[in-house]
1. Any residue in the range 186-199 that's of a type in the set (S, T, N, Q): show its pairings with residues that are surrounded by fewer than 21 Cβ atoms within 10 Å (Cβ to Cβ) and at pLDDT below 95 at Cβ separation under 8 Å, as long as the two are six or more apart or on different chains.
2. Quick one: in the range 100-115, of everything that is open to solvent by less than 70 Å² (accessible area, probe 1.4 Å) and among the charged types (D, E, K, R), which residue is nearest to the chain's Cα centre (by Cα)?
3. I'm checking my understanding of the structure. Among residues of the range 74-92 that are in a loop (DSSP other than H, G, I, E, B) and at pLDDT 90 or above, which one is farthest from G39 (Cα to Cα)?
4. Could you check the range 45-73 and list, in sequence order, the residues that are assigned to a loop (DSSP other than H, G, I, E, B) and surrounded by fewer than 19 Cβ atoms within 10 Å (Cβ to Cβ)?
5. Restricting to the range 173-185, name every residue that is surrounded by fewer than 17 Cβ atoms within 10 Å (Cβ to Cβ) and either touching a helix residue (DSSP H, G or I) at 6+ places or on another chain (Cβ under 9 Å) or touching a residue at least 24 places away in the same chain (Cβ under 8 Å) (or both).
6. Could you please give the count of residues in the range 16-37 that are open to solvent by less than 70 Å² (accessible area, probe 1.4 Å) and outside any helix (DSSP H, G or I)?
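The values are calculated or read from the model by the stated rules, or taken from the named source; none is laboratory data. A quick note: this is a predicted structure, and the numbers were derived from the prediction, not measured. Positions of Cβ are generated from backbone atoms using ideal geometry, with glycine treated the same way; all protein chains shown enter the neighbour counts. Only protein heavy atoms, including side chains, enter the accessible area calculation; ligands, DNA and RNA are left aside. Shrake-Rupley method; radii C 1.70, N 1.55, O 1.52, S 1.80 Å.
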Amino acid sequence: MAQRRMFSKKVTDTDTFLDMPLSTQALYFHLNMHADDDGFIDNTKTIQRMIGSSDDDRKLLVAKQFIIPFENGLVVIKDWRVHNYIQGDRYHKTQYINEKSQLVVEENNMYTKRVQDVSNMDTQVRLGKDRLGKDSKDILSGSDEPDHVPYKEIVDYLNEKTGSKYRSSGSKTKSLIKARTNEGFSLDDFKTVIEKKAKEWSGTTMEKYLRPETLFGTKFEGYLNEKQSANQKQIGYGKQKHQGIVPKFLQGKV
C-alpha cells in the first residue's frame, strides 16, 4: 500500500467542509490517512478512539456525504479519487471487492453507489439537506425524536460558576453532554460536578480545565463521586492567606 496521501483543496476548502466542527474535520483527515489504495477503511471506530473523536463526527461525515458507509461497518472516502492518484507500481487493489463492486466512479472522479442503493443515498441526501441544523431534532444521533437534553441550562450554570462564556450550541460540547446523559446522569449531577470542580480549581493552576471538554468527558463519574479531602477544604483559607486576607478568628494570631 502506498504510504503517502494527498488532499485536494477542491474538497477541503469548501464551505461545506469548513463549516463542520474541527473534530469532524480531523476525523476526515485521519480516515484518509488510514484508507487503503481504493479509499476503504475497516477500522473507523479504532481511529475515532485514537484521536478522541465521537460517533457524532462520523455520522456528520456520512450526512454531509464525505464518506459512504456499508452495512458491514466499512466506509469509503467519497472523494478518494479526487484527492489521490497512485501510480500503478505502488497501487495495491483493495481486498473489499464486493463493496467496491457496489460503487461507480462518476466523471468528476467521485464514488457513488450503484442504482440499487439509491434509496439509501436518498435518505442520506434528505438528512443532509432537510434535517441538519434543526434545533427541534437530534440530528447528530440520527433520531427524529425531540432532544430534551438541557444543554443550555448546563452550560449557563458552568458559565455562571466559572465566569466563562461557553456556547451551549457547540457540537463538541453537546456531544459530551449527550453522552453523559445517555449514561443516565441528570441535570443535578452536572451541576454537582461543576460546583465541586469550580470550588476546587478556581484560582489554581487547574482553573484552565474548568471547561466542557474536561468536566463532561470520560472522568465525569469520577468527579461526581469524589470525596472532598481535607486539603481541598483548606483551599479557600489558603487562597485568602496568599492574598493577605486573614479570617476573623485568626486575626492577631498570624
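1. That search, which allows pairs on different chains as well, returns T192/L224.
2. Among them, the one singled out is K113.
3. Across the range 74-92, the extreme among qualifying residues is L74.
4. G52, Q65, F70, E71, N72, G73
5. E183
6. Result for the range 16-37: 5.
Here's the yes/no breakdown for (1) modelled with pLDDT of 60 or more; (2) among the basic types (K, R); (3) touching a Lys or Arg at 6+ places or on another chain (Cβ under 9 Å):
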| site | (1), (2), (3) |
| --- | --- |
| E226 | yes, no, yes |
| G236 | no, no, yes |
| H242 | no, no, no |
| G252 | no, no, no |
